[in-house]
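The structure appears below as structure tokens.
The values are calculated or read from the model by the stated rules, or taken from the named source; none is laboratory data. Remember, predicted model here, so these are calculated numbers, not experimental data. No Cβ is skipped: glycine too gets one built from the backbone with ideal geometry, and neighbour counts run over all protein chains shown. Heads up: the accessible areas ignore ligands, DNA and RNA and are worked out on the full protein's heavy atoms, side chains in. Shrake-Rupley method; radii C 1.70, N 1.55, O 1.52, S 1.80 Å.
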Amino acid sequence: MERAGRRRGLYWVCVFVAVAATVGGAAVAYLGYSGTAGPSGAVRGFFAALARSDAPGALAFGDVPDGRRTLLTTTVLREQQRIAALRDFSVLATHRDGAKATVDVQYTLRFHGQDVPVKATVPVHESSGDWRLDQTAISTELRADGGQQRQSMLGGPIPSGPILLFPGALPIRVDTPYLQLDPFRDSVSFDAPTTTSVYLEVTDSARSAMLAAVRTALNTCLTAARQYACPLPDQRSVPGSVHGRVTGAMRTTRVYLDLLNPAGRIEFEASATVTGRYRRLNFHNRQVSGPAHFSLDVSAAAYAVAPLTTSWTTP
């Protein structure tokens, strides 16, 4: 009798566990369904798939527009997430009109060292009882402005013509630590224009490297004999007559990328205080001595590859 009671007790325990598992599974399934049901649910599911780099899952939430689908892969989506992870997604509002609706959303693209907030409006429609995105990818044409030779996509050049991309950071790599994508401009969203410009910006390491390289070059100018191509204090200074040393820190005034140069040319401008001597022409075109302490504005350029090789330019 005691053994029979134990068996009956064990039986009911098993029954209870089975029922609990069934109910729990149903609850989980319901929560999973409810999380992606309705206009906002479809959009939530789509962006959740983007955040976990699930390209097939993202595409399943809606229609794919006409165009080249080469970049609608998990590999490319992982690259987009590596460059700027999609985080902090939330739905702001849903506006429904029959079988059509728009969902206002916001999220953050976490570029390295910079969080960029994004707001977008996602159009959706009802189809056979389910809500689907009107488009799960963005059609746009990428146009690189400056430094094209420093950029690559999937190991090759940036493709020409319209392409399809998932929302997020542009999946572009830069082959030098001296340039990087512009976090506030190098991404696409549902309201992206038909042409997306790709902008590179000069990094902090490039600024430091340029400053050090220009200071070294300027010291060479001030100590070597007959450096005719070196910067001059003013337009009436005699080339090759400037000698001395830089006193104090050089002050960087401007660093930028030449947008007309595909090889990635960095332009640099700074000013320095010099103690030394130089000769200048007076209004009678006679050489006279300049002041012993003077300010020197310098302008130089270098291609964004290590080691930086600078050359003097005209401000």
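The residue that is surrounded by the fewest Cβ atoms within 10 Å (Cβ to Cβ), counting only those in region 173-211 that are aliphatic (A, V, I, L, M) and part of a strand (DSSP E or B), is Val174. Of the candidates Val64, Val91, the single residue that is modelled with pLDDT of 75 or more and closer than 27 Å to Met153 by Cβ is Val64. Picking from residues in region 221-277 that are of a type in the set (Gly, Ala, Ser) and part of a loop (DSSP other than H, G, I, E, B), the one that is farthest from Asp297 (Cα to Cα) is Ala263. Taking the criterion of being under 12 Å from Gly168 (Cβ atoms) and either touching a Pro at 6+ places or on another chain (Cβ under 8 Å) or outside any helix (DSSP H, G or I) (or both), the residues of region 50-70 that qualify are Leu50, Ser53. When region 217-267 is filtered for residues that are open to solvent by less than 40 Å² (accessible area, probe 1.4 Å) and free of Cβ contacts under 8 Å to residues at least 12 places away in the same chain, only Ala224 remains.
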